[in-house]
């Protein structure tokens, strides 16, 4: 079987070579082929408008201009690997698998920053200093409490119980969020037990797989299914009213059933090996980490450490976060994809 990571890269290469399938958004200013002394080129897979306010703040604080290019993570990594102009100084990615891939393929350079080492927990950064977490998001079961008592779900394994047969919604396996959840299970239980976990999980699904977490939250709120697995910031955005009154009304019918411990994933950033402006690039990453509380709050995420001050997130209560290394999850990504495919967790 061709390795899953190779398939991801090949798909990304195809997108790059076809102008009709490579969709990017460039804001602030056009990029040149090289970053000038007071400019940095930033590739970002974080497609959140709130991020741009922080990039503008960085420009105001430092005088360093940010040229932004947005697209999917695998596309951005492949652009950089191929040397497509304009090259990046910093790449911001979502999910541990993408960050690990960027490090292992030599796209990120090690950087030395006492500030980053002090502020980013060790399990949420690369041990060799090639990337650092910026924000945290948790993949959690959400339930309609009129249908399911949230206290009956205290682990991911509880989602496989026969009592939830036909009542579980799942997003497809294409999302790296689910891939990292399965990688997390492999780390905790090994491949044999995780294989059974995935098989039993899929057995409880009775309807087509979803393509987004937002759709899953709506489905649980409407009563189309009783339980789903989503990233916390999707629920936070909707309960906070960021996606409109209709989505808020449905999301307010949904509650989190916190697993103990809960799987954490991250968005993160690294300075590229080919950056002509590594000092300014490092300064940008440090700025985002130093402002992690507000940077995360703007998108209803948790900061890289602590729980922040967002009232919606605070209302969810406390949780026990697992401290498995994000790097480990990235390295188990290919095994996770293989298990998901073998049990019919489709794309």
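Numbers at a glance
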| item | result |
| --- | --- |
| Yes/no for residue 233 being crowded, with 21+ Cβ neighbours inside 10 Å and either at pLDDT below 95 or closer than 18 Å to residue 345 by Cα (or both) | no |
| Residue list for region 151-208, filter: out of contact with any helix residue (DSSP H, G or I) (no Cβ under 9 Å at 6 or more places or on another chain), assigned to a loop (DSSP other than H, G, I, E, B) and at negative phi | 154, 155, 167, 174, 206, 208 |
| Selection from region 236-260 of residues that are surrounded by fewer than 22 Cβ atoms within 10 Å (Cβ to Cβ) and free of Cβ contacts under 8 Å to residues at least 40 places away in the same chain | 241, 243, 244, 245, 246, 247, 248, 249, 250, 252 |
| Selection within region 46-58 - buried (at least 17 other Cβ atoms within 10 Å of the Cβ) and either more than 25 Å from the chain's Cα centre (by Cα) or farther than 16 Å from residue 299 by Cα (or both) | 58 |
| Lone unmet requirement of (1) buried (at least 24 other Cβ atoms within 10 Å of the Cβ); (2) over 19 Å from residue 266 (Cα atoms); (3) free of Cβ contacts under 8 Å to residues at least 60 places away in the same chain for residue 79 | (3) |
| Identity of the residue in region 264-282, touching a strand residue (DSSP E or B) at 6+ places or on another chain (Cβ under 9 Å) and surrounded by fewer than 18 Cβ atoms within 10 Å (Cβ to Cβ), that ends up nearest to residue 327 (Cα to Cα) | 273 |
| Residues within region 106-115 that are part of a helix (DSSP H, G or I) and out of contact with any helix residue (DSSP H, G or I) (no Cβ under 6 Å at 6 or more places or on another chain), tallied | 1 |
| Sole exception among (1) loosely packed, with under 15 Cβ neighbours inside 10 Å; (2) assigned to a helix (DSSP H, G or I) for residue 85, by number | (2) |
| Residue within region 117-132 that is in contact with a helix residue (DSSP H, G or I) (Cβ under 9 Å, 6 or more places away or on another chain), closer than 20 Å to residue 182 by Cα and assigned to a helix (DSSP H, G or I) present | yes |
| Looking only at region 259-294, and only at residues there that are outside any loop (DSSP other than H, G, I, E, B) and more than 30 Å from residue 83 (Cβ to Cβ), the one that is nearest to the chain's Cα centre (by Cα) | 264 |
| Qualifying residue in region 113-120 (condition: buried (at least 19 other Cβ atoms within 10 Å of the Cβ), more than 27 Å from residue 229 (Cβ to Cβ) and in contact (Cβ under 8 Å) with a residue 24 or more places away in the chain) | yes |
| Residue count for region 196-213, restricted to those that are surrounded by fewer than 20 Cβ atoms within 10 Å (Cβ to Cβ) and under 27 Å from residue 323 (Cα atoms) | 5 |
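The values are calculated or read from the model by the stated rules, or taken from the named source; none is laboratory data. Keep in mind that this is a model prediction, so the values were computed, not measured. Note that each Cβ is placed from the backbone with ideal geometry, even for glycine, and that neighbours are counted across all protein chains shown.
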